[in-house]
1. Would the range B:118-136 turn up any residue that is more than 21 Å from residue A:115 (Cα to Cα) and within 13 Å of another protein chain (Cβ to nearest Cβ)?
2. Give just the number: which of (1) out of contact with any helix residue (DSSP H, G or I) (no Cβ under 6 Å at 6 or more places or on another chain); (2) at pLDDT 80 or above; (3) at the interface with another protein chain (Cβ under 7 Å from one of its Cβ atoms) does residue A:75 not satisfy?
3. Is it the case that the range B:10-22 has a residue that's on the phi > 0 side of the Ramachandran plot, in contact with a helix residue (DSSP H, G or I) (Cβ under 8 Å, 6 or more places away or on another chain) and at pLDDT 90 or above?
4. Just checking, how many residues over the range A:108-147 are at pLDDT below 90 and more than 14 Å from chain B (Cβ to nearest Cβ)?
5. Condition first: touching a helix residue (DSSP H, G or I) at 6+ places or on another chain (Cβ under 8 Å) and under 11 Å from residue B:35 (Cα atoms). Now tell me which residues in the range B:185-202 satisfy that.
6. Looking at the range A:36-61, which of its residues are in contact with a helix residue (DSSP H, G or I) (Cβ under 9 Å, 6 or more places away or on another chain) and within 8 Å of another protein chain (Cβ to nearest Cβ)?
7. Just one of the numbered conditions (1) touching a helix residue (DSSP H, G or I) at 6+ places or on another chain (Cβ under 9 Å); (2) at pLDDT 90 or above; (3) over 29 Å from residue B:96 (Cβ atoms) is not true of residue A:203; which one?
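The values are calculated or read from the model by the stated rules, or taken from the named source; none is laboratory data. Quick caveat, the model's predicted, so the values are computed rather than measured. Every residue, glycine among them, receives a Cβ derived from its backbone with ideal geometry; neighbour counts consider all protein chains shown.
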């Protein structure tokens, strides 16, 4: 295979002088506009690799979620007949508390490590940054929720319809993460971001939280009226995903 | 290549830059000198599109820094106080990550050449967190050069560098193949590597 004529430095003249290579210029021209999906993939890979090596967010959130479940288990002396009605609330309180912590770290971690401005300096589509952060937070939250559900089943011994619950949890978590990622970016520049984020987020996320709790009752057989609520959650997801994607650049540039 | 007019920046009521005018021609290497609070970092951050001025205009490489920041960023390289490196990534992963963000071609060869020239080839598989401050600064400079920017901005780039690292930096600054603006507290060193030296005081350029 022929060697590409790429030479970044011309040592004969000056070892640190960048030289212009016609082939490289041609390649640079060809890729002068980095592709959105390439940037999204790089950003998502970076967030996942960083979390895998730090094990900071997911492990902490799993422990936190288990503690919340433990508190509920001791706090409420629920009888078997009452559990299907109470379970959605217990689960979503746990998911949302853990979710807020996860979202807080999405941008605060970058700020604390001093890497945020490095991303802003690159000619990265701001929408790619938003989607990468959203997807990373969503994956972290879903991983924590999977563990939480397994432990919930063991603690409370209540049967639930796994496929239905999975659909509702996915839709609800997506909605919460969608709007949460936007507000996390806004609050990351504030000094009291851990307080500021939930104060900003909860009023806006009320429809998805209520809708998710009501729709989750479907999976526990507590109601048959959950489908309109699930529809509300899906509509919330679509609207806020579009709005958040559109305004994210303005949020971080201003 | 760089033209700033009436550049003013205030933080609350505190002025950091006061109606500053700056012209840098293509291929020129300019050093910014001045004490703490003189406005060097603020000026470099505005040129790098990280901050917006309170008033004034900036054009770099024919682009308006306020209206076309995204297009301009592809032309800029910045070495700041912070290295902007991810401690959990290896040196080669860090460069590859930024290379993908910039959409660079021939990335493997490009990274290998830079690692070799900056004396980092043996450090390529090591995580950034395990490197010394000086080695991290070399990676930061290599990252800033990865996309061969037309304009290189450096904020006190000599910080933490050993003699070998400083020699590498000096060759970058003296290369003359791109426009360079850097700040330093070391007047003797800055004067020796820059084609022109500017002094900042109280947010203004001194005559």
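1. The answer is yes; a qualifying residue exists.
2. The failed condition is (3).
3. No, the range B:10-22 contains no residue that is on the phi > 0 side of the Ramachandran plot, in contact with a helix residue (DSSP H, G or I) (Cβ under 8 Å, 6 or more places away or on another chain) and at pLDDT 90 or above.
4. Qualifying residue count for the region: 1.
5. Residue satisfying the conditions is B:200 alone.
6. Those that are in contact with a helix residue (DSSP H, G or I) (Cβ under 9 Å, 6 or more places away or on another chain) and within 8 Å of another protein chain (Cβ to nearest Cβ): A:38, A:39, A:41, A:42, A:43, A:45, A:46, A:49, A:50, A:54.
7. Looking at each condition in turn, residue A:203 falls short on (1).
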